[in-house]
Amino acid sequence: QVQLVESGGGLVQPGGALRLSCIASGSFSRLDTMGWYRQALGKQRDLVASITSGGSTNYADSVEGRFTISRDNAKNTVYLQMNSLKAEDTAVYYCNANIRRTIYSSPSPYWGQGTRVTVSS
């Protein structure tokens, strides 16, 4: 069974920083693109940032220049460094990974359980 487990959420003041981590565990052959999504109360889940297995990154316009996504392939982990946080960054953040269970498999999307980030004074 494949699992994605996030950590690092919490309460932070505006202008502060947090670092989210997501580790993939279980039986699989390869992690393809990994990413972070967020869902604010009453809104849809949107992409925040993604990173390919080769390290190419993509960011939502709203976080460009403030957030940095990175990954450690040896540790099956993806990170999201969030700086200059704003109240509008408040949301539940979900880790996503496209995972190949075997070398013959097509990638399938997996989701973590979510970690809450609250930006408030």
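The values are calculated or read from the model by the stated rules, or taken from the named source; none is laboratory data. Please read all numbers here as calculations on a predicted model, not as lab measurements. No Cβ is skipped: glycine too gets one built from the backbone with ideal geometry, and neighbour counts run over all protein chains shown. Accessible surface is based on the protein model in full, side chains and every heavy atom, while ligands, DNA and RNA are left aside. Shrake-Rupley method; radii C 1.70, N 1.55, O 1.52, S 1.80 Å.
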Legend entry - Candidate set: region 1-16, residues that are open to solvent by less than 30 Å² (accessible area, probe 1.4 Å) and under 12 Å from residue 110 (Cα atoms); chosen: the one modelled with the highest pLDDT: 4
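Conditions (1) closer than 21 Å to residue 9 by Cβ; (2) in contact with a strand residue (DSSP E or B) (Cβ under 7 Å, 6 or more places away or on another chain); (3) modelled with pLDDT of 95 or more; (4) of a type in the set (Val, Ile, Thr), marked per residue:
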{"residue": "27", "(1), (2), (3), (4)": "no, no, no, no"}
{"residue": "30", "(1), (2), (3), (4)": "no, yes, no, no"}
{"residue": "33", "(1), (2), (3), (4)": "no, yes, yes, yes"}
{"residue": "39", "(1), (2), (3), (4)": "yes, yes, yes, no"}
{"residue": "60", "(1), (2), (3), (4)": "yes, yes, yes, no"}
{"residue": "63", "(1), (2), (3), (4)": "yes, yes, yes, yes"}
{"residue": "68", "(1), (2), (3), (4)": "yes, yes, yes, yes"}
{"residue": "81", "(1), (2), (3), (4)": "yes, yes, yes, no"}
Inset, instruction - List every residue pair whose Cβ atoms lie under 8 Å apart, where the two residues are 6 or more positions apart in sequence or sit on different chains, the first residue falls within region 110-121 and is closer than 13 Å to residue 82 by Cα and touching a residue at least 40 places away in the same chain (Cβ under 8 Å), and the second residue, located anywhere, is surrounded by fewer than 19 Cβ atoms within 10 Å (Cβ to Cβ) and among the basic types (Lys, Arg). - result: 119/86
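So, in region 17-36, exactly how many residues are within 12 Å of residue 79 (Cα to Cα) and either in contact with a His (Cβ under 9 Å, 6 or more places away or on another chain) or open to solvent by 60 Å² or more (accessible area, probe 1.4 Å) (or both)? Show your work before the answer.
Taking region 17-36 and keeping what is within 12 Å of residue 79 (Cα to Cα), we get 18-24, 34-36.
Checking the rest, the ones that are also either in contact with a His (Cβ under 9 Å, 6 or more places away or on another chain) or open to solvent by 60 Å² or more (accessible area, probe 1.4 Å) (or both) come to 19, 23.
Qualifying residue count, region 17-36: 2.
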Inset, instruction - For region 52-65, indicate whether the set of residues that are closer than 19 Å to residue 5 by Cβ and surrounded by 15 or more Cβ atoms within 10 Å (Cβ to Cβ) is non-empty. - result: no
